[in-house]
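Here is the structure we will look at, set down as structure tokens.
The values are calculated or read from the model by the stated rules, or taken from the named source; none is laboratory data. Computed from a predicted model, the values in this text were never measured in an experiment. Cβ atoms come from the backbone with ideal geometry, glycine included; neighbour counts cover every protein chain shown. These area figures cover heavy atoms from the full protein model, side chains too; ligands, DNA and RNA do not enter into them. Shrake-Rupley method; radii C 1.70, N 1.55, O 1.52, S 1.80 Å.
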Amino acid sequence: MTIAKISNYIITVILISTLTSCYCFHKVAGKSSVRDLTVAKSFDLCKICPGRGKVVSLTPYYGYPSTDLYQLKRESTSTSSYTLNSLGTFGLRGEYWVAPGQFFPFRIIGLGIDYSYSKSSISYNYTDVYELRSTERRSHRILGSINVMTLVKKQWIGYITSQIGVNLQRTDQIAFDYFATEKNKLVDYRFGYGLQFYPKIPVGISIEAGYGGGAYLKAGLTFWLF
């Protein structure tokens, strides 16, 4: 898949999100019973989560462990011992949550953009003066995302996430007598499942696990803007 195709995919996601409608949750808990003298209780999730009926969310997050770190380990061909280091992954994800309509098999989907940055390195304990000393990799990922809600409760939201986009990657290699830099534009993706918990305030606690580029585990806070 080329960079142009990825860009068209991201633009399409943004355009679709601007043409769809907003949503709201309404749920009835329990059942009415004359024998037990009970009445079904109705509540509106928009007054509790997410964000009192707002449809645009922003989630800053931190991810660990970094997939770049394990990639450097797999690429290493040195026979020397080494040390791995990583700052983890720092990211920001924006979502526009929409209700596509009855024709769509899922009730609520989120369309958005995810940006993340990670820095990882591997340092070698060399014995030869000509041997590679260290490799450092920086990655800027820009991914378009589609989230599908599978769980909606009073203070919980669960969703399946799928992402695809570009990884702007720079790798620096340092040896005894040279310094080399390699820059790549790579197609990247991620699939996972996330949960958001709202402790009776408009800010949610977000936890997400997935497979693909970036980080295997992500944790952050979800803010609803408008």
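When N is the residue count of segment 176-226, what does its C-alpha Rg come to as a fraction of 2.2 N^0.38 Å?
Values: Rg = 17.8 Å, N = 51, 2.2 N^0.38 = 9.8 Å.
Segment 176-226 yields a ratio of 1.82.
Give me the one-decimal nm value for the distance between modelled label points at Arg107 and Phe179, 7 Å along each residue's Cα-to-Cβ direction.
With each label placed 7 Å out from Cα toward Cβ, I get 5.7 nm.
Quick one: Karplus J couplings for segment 113-124, per residue in order, coefficients 6.51, -1.76, 1.60, θ = phi - 60°, nearest Hz, x for Gly and Pro?
10, 10, 10, 9, 10, 9, 9, 9, 8, 10, 10, 9
Hey, what do the phi angles of segment 215-224 turn into as Karplus ³J(HN,Hα) couplings, whole Hz, using 6.51/-1.76/1.60 and θ = phi - 60°, x for Gly and Pro?
Taking θ as phi minus 60°, the curve returns 9, 6, 10, 10, 9, x, 10, 9, 10, 9 Hz for segment 215-224.
What net charge is computed for the residues neighbouring Tyr61, neighbours being all others with C-beta under 15 Å from the C-beta of Tyr61, Lys and Arg scored +1, Asp and Glu -1?
On the way: positive: Arg93, Arg141, Arg190, Lys218; negative: Glu95, Asp114, Glu208.
Neighbourhood net charge equals +1.
At 1.4 Å probe size, with every protein chain present, just tell me what the per residue accessible area of segment 157-219 comes to in Å². Numbers along the way, then the final one.
Numbers: 3190 Å² over 63 residues.
Per-residue value: 51 Å².
What's the FRET efficiency of Ala219 with Val148 using the Cβ-Cβ distance as r and R₀ = 25 Å, to the nearest 0.05?
Numbers: r = 21 Å, r/R0 = 0.83.
Computed FRET efficiency for Ala219 and Val148 comes out at 0.75.
Give me the percent of the accessible area of segment 107-226 that comes from carbon and sulfur atoms, probe 1.4 Å, all protein chains in place. Before the final figure, lay out the partial values.
Values: 3790 of 5910 Å².
Reported share for carbon and sulfur atoms: 64 percent.
Output ³J(HN,Hα) for segment 172-186: one whole-Hz value per residue in order, computed from phi by the Karplus curve 6.51 cos²θ - 1.76 cosθ + 1.60 with θ = phi - 60°, and x for Gly and Pro.
Once θ is set to phi - 60°, the couplings for segment 172-186 become 10, 10, 10, 10, 5, 10, 7, 9, 10, 10, 10, 10, 9, 10, 10 Hz.
Using a 1.4 Å probe, how large is the accessible area of Val187, given in Å² and rounded to the nearest 10?
Spelled out: Val187, probe radius 1.4 Å, area about 70 Å².
Using 31 Å as the Cα-Cα cut-off, could you pick out the over-long pairs in Lys185/Lys218; Lys183/Lys218; Lys73/Lys153; Lys154/Lys185; Lys73/Lys185? Spell out each step's value before the answer.
Values: Lys185/Lys218 23 Å; Lys183/Lys218 26 Å; Lys73/Lys153 41 Å; Lys154/Lys185 42 Å; Lys73/Lys185 20 Å.
The pairs that break the limit, which is 31 Å between Cα atoms, are Lys73/Lys153; Lys154/Lys185.
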